[in-house]
Amino acid sequence: MAAGDDPVEEPLGDIDPMLQALADNTPGAIVIKDMDGRFLIANKTFCAWNKTARADIIGKSMHDFLSKE
């Protein structure tokens, strides 16, 4: 494997549309995170449960959503 070919280093948002479609058509909540805990995929169910748009989830971690109270 050449330098830069590591799949973990793929840029956020460069997810296979087929994988996203599979997640979106599954009734349970599905998320996929990178090695740093940032969301790479969040399906429709997960977004609905959290009342948050996918665009506001991708690239962030759970720490971004936790209250600072």
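Bear in mind these aren't lab numbers, they're just calculated from the coordinates by the rules spelled out. What you see is a predicted model, and the numbers here were worked out from it, not measured in a lab. Methodologically, a virtual Cβ is constructed for each residue, glycine included, from the backbone with ideal geometry; neighbour enumeration extends over all protein chains shown.
Before moving on, here are some points about what is shown:
- For residue 33, residues with placed amide H under 5 Å, excluding near neighbours: 40
- Relative packing of 18-24, 47-53, which averages over residues the other C-beta atoms within 10 Å, highest first: 18-24, 47-53
- The value given for segment 29-69 is a Kirkwood hydrodynamic radius of 10.3 Å, derived from the mean inverse Cα-Cα separation.
- Sequentially through segment 44-57, phi angles give Karplus couplings (6.51, -1.76, 1.60; θ = phi - 60°) of 4, 5, 4, 4, 5, 4, 8, 6, 9, 5, 3, 4, 8, 9 Hz, Gly and Pro residues having no value and appearing as x.
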